[in-house]
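Please read the structure below before turning to the comments.
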Amino acid sequence: MKITKQTADDTVLAELGGRIARVRLERNFSQAQLANEAGVSKRTVERLEAGAGAQLSGFVRVCRALNLLERFDAFVPEPVPSPVAQLKLQGKQRRRASTVKPVKAAGKKWQWGNES
């Protein structure tokens, strides 16, 4: 199944859990062996595979034990600034997000005598 942005969260979790289970079985690990290798409880592995949601740290540990952690770079690639942004930064790293400034409504200019 292909995961798209329209896919429901529960469906994504179930799909990821199923993929982890298939990789675990391909590597001939039982749930208990994988849990021991990852340093998590067997229940955490069961939850991940069921798509019931577990802590992200448990997910990372299980992926590390299955040698899948290197694929996270493709999953969430490191952002690369555009060439123009690189020139503006000139070696500086961004530390804040910029805010959107409100647009002033074009109105009548103030003049003396229009105080009311």
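So that you can scan it fast, the table gives a plain yes or no per residue for (1) in a loop (DSSP other than H, G, I, E, B); (2) touching a residue at least 24 places away in the same chain (Cβ under 8 Å); (3) out of contact with any helix residue (DSSP H, G or I) (no Cβ under 8 Å at 6 or more places or on another chain); (4) loosely packed, with under 15 Cβ neighbours inside 10 Å:
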residue	(1), (2), (3), (4)
A21	no, yes, no, no
V40	yes, no, no, no
A54	yes, no, no, no
S57	no, no, yes, yes
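Return yes or no: is V84 among the hydrophobic types (A, V, I, L, M, F, W, C), at pLDDT below 75 and loosely packed, with under 10 Cβ neighbours inside 10 Å?
Numbers: among the hydrophobic types (A, V, I, L, M, F, W, C): yes; at pLDDT below 75: no; loosely packed, with under 10 Cβ neighbours inside 10 Å: yes.
Criteria not met by V84.
When the range 1-10 is examined, which residues are found to be of a type in the set (V, I, T) and either out of contact with any helix residue (DSSP H, G or I) (no Cβ under 9 Å at 6 or more places or on another chain) or surrounded by 15 or more Cβ atoms within 10 Å (Cβ to Cβ) (or both)?
Step one: of the range 1-10, the residues of a type in the set (V, I, T) are 3-4, 7.
Scanning the range 1-10 gives a single hit, T4.
Sort out which residues of the range 39-72 are modelled with pLDDT of 85 or more and acidic (D, E), and write them in order of number.
Those that are modelled with pLDDT of 85 or more and acidic (D, E): E46, E49.
In the range 23-38, what residues are outside any helix (DSSP H, G or I) and closer than 19 Å to F75 by Cβ? Don't jump to the end; show me each part of the working.
Applying the first criterion (outside any helix (DSSP H, G or I)) to the range 23-38 yields 27-30.
Once the filter is applied, which keeps residues that are outside any helix (DSSP H, G or I) and closer than 19 Å to F75 by Cβ, the range 23-38 yields nothing.
Please identify the pairs in which a residue from the range 62-75 that is touching a residue at least 24 places away in the same chain (Cβ under 8 Å) and closer than 18 Å to A21 by Cα has its Cβ atom under 7 Å from the Cβ atom of a residue that is aliphatic (A, V, I, L, M) and outside any helix (DSSP H, G or I), counting only partners at least 6 apart or on another chain.
Listed by first residue and then by second, the contacts come to V62/V40.
Would it be correct to say that I3 is under 22 Å from the mean Cα position of the chain (by Cα), closer than 19 Å to N67 by Cα and not basic (K, R)? Even if it seems obvious, please write down each step before you answer.
On the way: under 22 Å from the mean Cα position of the chain (by Cα): yes; closer than 19 Å to N67 by Cα: no; not basic (K, R): yes.
In short, no.
Could you identify the single residue in L48, L34, L13 that is in contact with a Phe, Trp or Tyr (Cβ under 8 Å, 6 or more places away or on another chain) and surrounded by 17 or more Cβ atoms within 10 Å (Cβ to Cβ)? Explain how you work it out, then say what you get.
Numbers: L34 fails: in contact with a Phe, Trp or Tyr (Cβ under 8 Å, 6 or more places away or on another chain); L13 fails: in contact with a Phe, Trp or Tyr (Cβ under 8 Å, 6 or more places away or on another chain).
Testing whether each residue is in contact with a Phe, Trp or Tyr (Cβ under 8 Å, 6 or more places away or on another chain) and surrounded by 17 or more Cβ atoms within 10 Å (Cβ to Cβ) leaves just L48.
The values are calculated or read from the model by the stated rules, or taken from the named source; none is laboratory data. Note that the structure is predicted; figures quoted are calculated from it, not measured. Please note: Cβ atoms are built from the backbone with ideal geometry, for glycine as well, and neighbour counts cover all protein chains shown.
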